[in-house]
């Protein structure tokens, strides 16, 4: 039996051969947030991995680039910066530090394909 500090306050009674007993369980995970802006991501379920398996691939996370990682605003800003770098009006070193990682990922993918 786990110690009291390891138990959650949520439980349900389960019938077993030795009588009914308490079964403790954890709650849902928090909603996922954007890595850059901190906004709550829409289209991403906030449940454990056990529950995610019941959904199809498109229900688990958005299929957009950086879906499930960046919000729409941040994703748009990354692609605008990427366009400036590819056009030659801006160098990768001049891109804001927090966007640079994602811009370099997009450019790397574009060069591979």
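The values are calculated or read from the model by the stated rules, or taken from the named source; none is laboratory data. The shown structure was predicted, so the numbers you read here are calculated from the model rather than taken from an experiment. Methodologically, a virtual Cβ is constructed for each residue, glycine included, from the backbone with ideal geometry; neighbour enumeration extends over all protein chains shown.
When segment 78-107 is examined, which residues are found to be touching a residue at least 24 places away in the same chain (Cβ under 8 Å) and either buried (at least 17 other Cβ atoms within 10 Å of the Cβ) or more than 23 Å from residue 32 (Cβ to Cβ) (or both)?
First, the residues of segment 78-107 that are touching a residue at least 24 places away in the same chain (Cβ under 8 Å): 78-79, 82, 86, 98-99, 102-103, 106-107.
Within segment 78-107, 78, 82, 86, 99, 102, 103, 106, 107 qualify.
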Here the qualifying pairs (Cβ atoms under 7 Å; residues six or more apart or on different chains; first in segment 29-57 and closer than 20 Å to residue 72 by Cα; second in a loop (DSSP other than H, G, I, E, B) and modelled with pLDDT under 75) come out as 44/61; 46/28
